[in-house]
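Heads up: the structure comes next, in structure tokens.
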Amino acid sequence: MFKNAYIPYGGYYTTPFCKWMGSLANVNSIELGAATSKRWFAARDIDPTLIDYLYLGVSVGQKSIFYGAPWAAAMMGAGQAPGQNITQACATATTAVFNAALAVDSGSFDTTYCLLADRPSNGPHTIWPNPNGPGGEVLAENWNMDNIAADPATGKDMLTTAENVAREHGFSREQADELTLRRYEQYAEALANERAFQKRYMFPVEVAVSRKETKLVEADEGVTATSAEGLAKLRCVQPDGIHTYGAQTHPADANAGILVTTRERAVELSRDPQMAVQVVAYGHARTKPAHMPMAPAESVKRALARADLRLDQIKTIKNHTPFIANDLHLSKALGLDAHSFNNYGTSLVYGHPQAPTLARLLIEAIEETALKGGGYALVTGCAAGDSAAALIVKVG
């Protein structure tokens, strides 16, 4: 449990999530993330040179990632800051915040910054020399498509892990469609009153259209209109499964930033000095092979144990939902009403850009808890390798 690691209230942003091959498809995600952070720091009148260390979360490699965090720091105006890259697929953001909180809590750094930037669109295609191959044939990998298609430890694709969990726990197609529709209804609440909830934290991203023209992307792109009738018409992707294309997420491109610092500095940087956001505990877990959606429940239990909290003390819960089986299992394993969490939407609806995904869920959880008057918020999500990470923060 952490004692002195805080996120300034409002000391974070996420860009809109853009469905892959959309507005952000052709921009290096590290360059775009650094440029967006620089604009956000200026908008908040925060001097980026106060950053002691940068945690750069990227799961889909980009050109010049060899330089990674120090390069991003230079581009965003924190040129003196060293840093490191963190790559943990969907759990990259929670793990970055965990590492930042560890560093601040230990007194190693005063102010850290987590920049989460990913672009599954136009992902890299890597080749390695293979002198012993037939005719010297190279080894090749498509970063995004190949790794979604198969976990090298099990040989199973990610959808199969969700269907394995659905079969083991007896989840039905009807349950999947019903809860999927609920998630879209929750997302619609974030769009009410001209996107009032999203405007609490979402920062527009500026994209070059040509050498002379840029455009500002201010809202999520690529969210599909969904209805009970529309979901019912879709076929399951696997013949004996419960997941249609409506009951799983889509790749997206985005970036997000989160400051992690001491209590004193958090007060200085907060949008509301009376609203503290303390990083409380982190839990990480791995489930049995090819059952990825079961891992978040165990990570939640470990985080709660480390915080000495009960689940009924948590006011807000957000769960990364690459497949609706993730939410069905979390509900069953923890005894939760499945309709009670993921308010204002989740990655099932607005997409999954890897590193920024759990950053957005964390930011939304903080804002939702603030609207509720404060309390504990919990964010969890599965990650590649049948693993998951959970983070608990105290708001107010």
Q) Any idea which of A73, A117 is crowded, with 24+ Cβ neighbours inside 10 Å, of a type in the set (A, V, I, L, M), free of Cβ contacts under 8 Å to residues at least 60 places away in the same chain and under 27 Å from A266 (Cα atoms)? A) A73
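Somewhere in region 180-197, is a residue within 24 Å of A365 (Cα to Cα) and not in a helix (DSSP H, G or I)?
Filtering region 180-197 for residues within 24 Å of A365 (Cα to Cα) gives 180-197.
With not in a helix (DSSP H, G or I) added as a condition, the list becomes 196-197.
Yes, because at least one residue in region 180-197 is within 24 Å of A365 (Cα to Cα) and not in a helix (DSSP H, G or I).
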Q) In region 258-283, how many are touching a Ser or Thr at 6+ places or on another chain (Cβ under 6 Å) and crowded, with 19+ Cβ neighbours inside 10 Å? A) 3
**Q.** Answer residue from region 10-39, given it is open to solvent by less than 10 Å² (accessible area, probe 1.4 Å) and among the hydrophobic types (A, V, I, L, M, F, W, C) and is nearest to S64 (Cα to Cα) among those
**A.** I30
Q) How many of the residues making up region 51-68 are touching a strand residue (DSSP E or B) at 6+ places or on another chain (Cβ under 8 Å), assigned to a loop (DSSP other than H, G, I, E, B) and without any contact (Cβ under 8 Å) to a residue 60 or more places away in the chain? A) 1
Q) Pairs, please: C-beta under 6 Å, at least 6 apart or cross-chain, first residue under 15 Å from A365 (Cα atoms) and in region 1-25, second surrounded by fewer than 24 Cβ atoms within 10 Å (Cβ to Cβ) and among the hydroxyl-bearing types (S, T, Y)? A) P8/S270; Y9/S270
Q) Which residues, taken from region 109-140, are out of contact with any Lys or Arg (no Cβ under 9 Å at 6 or more places or on another chain), part of a loop (DSSP other than H, G, I, E, B) and over 22 Å from W71 (Cβ atoms)? A) P129, N130, P131, N132, G133, E137, V138
**Q.** First in region 184-206 and more than 18 Å from I258 (Cβ to Cβ) and open to solvent by 40 Å² or more (accessible area, probe 1.4 Å), second anywhere and at pLDDT below 95 and not in a loop (DSSP other than H, G, I, E, B), Cβ under 7 Å, 6 or more apart
**A.** E206/T214
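For residues in region 337-396 being among the hydroxyl-bearing types (S, T, Y) and without any contact (Cβ under 8 Å) to a residue 60 or more places away in the chain, which is surrounded by the fewest Cβ atoms within 10 Å (Cβ to Cβ)?
So, considering only residues that are among the hydroxyl-bearing types (S, T, Y) and without any contact (Cβ under 8 Å) to a residue 60 or more places away in the chain, the one surrounded by the fewest Cβ atoms within 10 Å (Cβ to Cβ) is S340.
The values are calculated or read from the model by the stated rules, or taken from the named source; none is laboratory data. These numbers come from a predicted model, not from an experiment. All Cβ positions, even for glycine, are placed from backbone atoms using ideal geometry, and neighbour counts span all protein chains on display. Note: areas computed on protein heavy atoms with side chains; ligands, DNA, RNA excluded. Shrake-Rupley method; radii C 1.70, N 1.55, O 1.52, S 1.80 Å.
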